[in-house]
Structures are given as C-alpha cells and as structure tokens.
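Participant: Below is the structure I would like to discuss, written out as structure tokens.
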Amino acid sequence: MFNIFKGDALKTRNRIAMAPMTRSRTSQPGDVPNEMMATYYRQRASAGLVVTEGAPVSAVGRGYSMTPGIYTEEHIEGWKKVTQAVHEEGGKIFIQLWHVGRRSHSAISGEQPLAPSAIKVPDQVFGPLSEGGFGMIETETPQEMALQDIENTSADFVQAARNAVEAGFDGVEIHAAHGYLFDTFMRLESNQRQDQYGGSQENRMRFLLETLQAVVNEIGSDKVAVRVSPHVIEGFADEDPEIIEVTLKALEKMAPMNLAYVHFSERISRYVDVPETFRKQVREVYPKPIMIAGKLTKQSAQQLLDKQYADFVAFGTPFVTNPDLVTRFAHDLPLSEFDANARLTLYGGGEEGYIDYTTYQI
C-alpha cells in the first residue's frame, strides 16, 4: 500500500488514492474553484493520487448545485490554484469529468436533463429548494438525446480534458458510474434506443468507448482514466441482468487504449457485493492498472493489493475527517470517525467540516 506504483502511464509515491467526493464549496456565481478548495486538496495531497470531485463538462451536464465546472476560463483559472497546491506538496491529481445525465433538474442546470431515453426513476440530487436555500430535490424527466446531442457531449468531454491539462492536472477520470450519463447508456432499463447507441450490448457501450478514445486521442492515454460501477444500483430501479457482461466486454475493448487506470466504485448507496469470481474475470480481460473504492479498510484494501486484484486502493469518507490518512495508516494511528456531524457538512457550507479537520498529534 505504501510502495511506489510505476505503471506504463502513471507513477505515484504510494498506492493510496483519495476517491472523488462531491463537496459543493465553489465560489458563486459561476461555480468557480477557490482558495478554500485548494487548501482542502493540499491537506490531502499525501495520497499517491488525488481524484477530484466530479466537475461538470457543460452546463447541461450539471446535476448538483455549487459543483466546480471545467468548461469556462474562470473554471480553468480556479482549478490552477488546486493543482498548484497539490503539486507543491509533491502529489498528483486527476480531475473527474462529469455529466450526470438524467440525475438532474432544470433548476440546477438551466436546461432539461439529457439521457439515452426519456425515462425517469425516483431520485434526488442537491439543488435549490423552493423555500430558499439548498437541499435534496427530486429529479425531473429527461429528454432523449438526439445524435447531435451525443456528438456534442463527446466534444464537451474532449474540450474539458483539454481545459484540465491547461489547468495543470496530471490527468482526467471520466465518470461512467452511479447512474450518470454513460452508465445509463450501458444499462437496459435506462436505454431503450433503437439506433446505433441502443439495443445490443455493443451499441450500449459505444458512447463511452467512443468518448474515451476521443479523449485519449486529444491528451494521450497516460492522462485518461474511467470510473465504472457495475455492482452499484444507485440511480436505477433494479439490478441490470447484463451490466456485468457489458462491463467485461467494454474492459476488453479498453485494454488496447492503455488508460492510466480503470476505477471500480463499489458498496455505495444501493449495491450488491462483488464476488471474487468477478475480480478474476476482470484480470483475465484487463491486465492494465485497476483502482478499487468502496468502504475499504486498511486490511481489506491490502488484501486486494496482495491478490493483485487492484493496483490502487481508494478511500472517500475516511479522507474527509482524516486529511493525514496515509500517515495514520502507515503508523497504525486511530482514525477520526466519519460521524453524523461530518455527513451534515458534506455538501455546501464553509470551512467547518471541510478544512478544519486536524492531523494526528503524537
């Protein structure tokens, strides 16, 4: 866990990653990254790799209020503060590129949400309340994407990746998990299209694979990663009977792209446990670097590394309350628990519950 990782595309000082977590602390108007965010990421830069909170690639891709974009010059300048802070601490940082698809509301994005098909399931996201302030609001029925929308969205990801490089990021992670846009294209319940992006398994993975390849062509494979969550049901009504098979086929097609890593998000919200048979299947079709996140402990994470099911292990909420998580793991120091009070300050607010957590005092 604490040894150097050196892959074909990425080298890090340890195998611990800070997983992406929405925190909604941007400056308004414009959802611009700020000095407080730079401090937050600086505090946690001892991770071998920091992956930022999701950054919408466009206005219509936005699904949570006050999340930092990566589609304006102001966003780029704001993110430069973050990347500089992490690099000054000797860390590496990827930005997570995000399009939420149907998990949104026009009160947040200013436009009707887009999705593979005009299908809604009960769901809530962080947005403006009718009585004022912010809280969880119900999503609205999305609009089925035309072919031009799909083409435009791929172009948005390419431009966002270009912007990320300009902002100083070491790479980008494309969010294709948790019921967001690419995930809904891959699943039967949410994709009922009759064109080349729907129907067969190959068609349903096409949008993600085309976009990944376009981003690779733009900024280089060493700077591109992707996050998937085949065992997570968040954002869907039911389990998908084909998503495991679709994911394995997609991984096989990703392997020649030589991505920096593939990130599996697990055990979040509604989920099914991941069997060891799946870990073995993944390694059979995908020999490149793998990151795994999902309520890991130091012990369970080390087991994944020892069995060579993962090359990186990512931690989310433990990094919220333990900015020095790597040091605490290395010296078997107790962790500050992520309790109900910490959960209340996850989305929105100021420094409290964000950058006021202390390092361990020996």
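Throughout, read-outs are computed from the coordinates displayed, never taken from laboratory work. As the structure is a computational prediction, the values presented were derived from the model and not from experiment. Counting neighbours? That spans all protein chains shown, and the Cβs are built from the backbone with ideal geometry, glycine included.
Participant: Could you give me the radius of gyration and the Dmax of the range 162-261, taking only the C-alpha atoms into account and expressing both in angstrom?
Facilitator: Here Rg and the maximum Cα pair distance are 13.8, 41 Å.
Participant: Tell me, what HN-Hα J-couplings in whole Hz come from the Karplus equation 6.51 cos²θ - 1.76 cosθ + 1.60 at θ = phi - 60° for each residue of the range 165-179, using x for Gly and Pro?
Facilitator: 3J(HN,Hα) across the range 165-179, in whole Hz: 4, 4, 7, x, 6, 7, x, 10, 10, 7, 7, 10, 10, 6, x.
Participant: How would the chain be classified by its alpha-carbon gyration tensor: rounded, prolate or oblate, with rounded meaning a/c under 1.5 and the a/b versus b/c comparison settling the rest?
Facilitator: Working: a/c = 1.44, a/b = 1.14, b/c = 1.26.
Note, shape of the chain comes out rounded.
Participant: Tell me what the chain gives for mean residue ellipticity at 222 nm when only DSSP H runs of n ≥ 4 count, each as -39,500 (n - 2.57), the sum divided by the residue total, rounded to 500 deg cm²/dmol.
Facilitator: -10000 deg cm²/dmol
Participant: Looking at the range 5-344, what % of its DSSP beta bridges pair antiparallel, to the nearest 5?
Facilitator: In the range 5-344, DSSP labels about 20 percent of beta bridges as antiparallel.
Participant: Follow-up. By per-residue mean of other Cβ atoms within 10 Å, what is the highest-first order of 306-318, 231-243?
Facilitator: On the way: 306-318: 19.9, 231-243: 17.8.
Order by mean packing, descending: 306-318, 231-243.
Participant: A further question on this structure: Highest first, please rank the peptides 158-164, 17-23 by the mean number of other Cβ atoms sitting within 10 Å of their residues.
Facilitator: Output ranking for 158-164, 17-23: 17-23, 158-164.
Participant: Between VAL172 and residues 5 or more places away or on another chain, which pairs have amide H atoms under 5 Å apart, with H built 1.01 Å from N, and which residues are they?
Facilitator: Excluding prolines and chain starts, which carry no amide H, the hits are ILE95, VAL224, ALA225.
Participant: While we're on this one: Using only the Cα atoms of the range 92-173, build the gyration tensor, take square roots of its eigenvalues as a ≥ b ≥ c, and label the shape rounded, prolate or oblate: rounded if a/c is under 1.5, else prolate if a/b is larger than b/c, else oblate.
Facilitator: Judged from the Cα gyration tensor, the range 92-173 comes out oblate (a/c at least 1.5, b/c at or above a/b).
Participant: Could I ask something else about it? Mind checking which aspartates and glutamates have their C-alpha under 16 Å from LYS295, skipping anything on the same chain fewer than 8 residues away?
Facilitator: Candidates past the 8-residue exclusion: GLU234, GLU266, ASP273, GLU337, ASP339.
Participant: So what J values fall out for the range 263-276 if you push phi through Karplus, 6.51 cos²θ - 1.76 cosθ + 1.60 with θ = phi - 60°, rounded to Hz, Gly and Pro as x?
Facilitator: 10, 9, 9, 9, 6, 10, 6, 8, 7, 10, 5, 8, x, 5
Participant: If you put +1 on each Lys and Arg Cβ and -1 on each Asp and Glu Cβ, how big is the dipole of the chain around its Cα centre, in Debye rounded to 20?
Facilitator: So the dipole magnitude of the chain works out to roughly 980 debye.
Participant: List, in order, the whole-Hz ³J(HN,Hα) value for each residue of the range 226-240 obtained from phi through the Karplus relation with A = 6.51, B = -1.76, C = 1.60 and θ = phi - 60°; use x for Gly and Pro.
Facilitator: 3J(HN,Hα) across the range 226-240, in whole Hz: 8, 10, 10, 8, x, 9, 9, 10, 4, x, 10, 6, 9, 5, 9.
Participant: Taking amide H positions as placed 1.01 Å from N in the peptide plane, with prolines and chain starts having none, which residues 5 or more places from GLY135, or on another chain, fall under 5 Å of its amide H?
Facilitator: GLY127, LEU129
Participant: Okay, moving on. Quick one: which residues, 5 or more positions from VAL32 or on another chain, have an amide H under 5 Å from its amide H? H modelled 1.01 Å from N in the peptide plane, none for Pro or chain starts.
Facilitator: Residues meeting the criterion, in which the H sits 1.01 Å from N, are SER27.
Participant: With a 10 Å Cβ neighbour count serving as the proxy for reagent exposure, in which order, fewest first, do ASP8, ASP156, ASP183 appear?
Facilitator: ASP8, ASP156, ASP183
Participant: Please enumerate, by chain and number, the lysines with C-alpha under 23 Å from the C-alpha of LYS223, excluding those fewer than 8 residues away in the same chain.
Facilitator: Partners within reach: LYS6, LYS11, LYS80, LYS81, LYS92, LYS249, LYS253, LYS288.
Participant: Using mean Cβ contacts within 10 Å as the protection proxy, how do 44-51, 273-280 order, highest first?
Facilitator: Ranked from most to least packed, the peptides come out as 44-51, 273-280.
Participant: With just the Cα atoms defining each centre, how far is the range 140-193 from the range 41-83? Give it in Å.
Facilitator: 16
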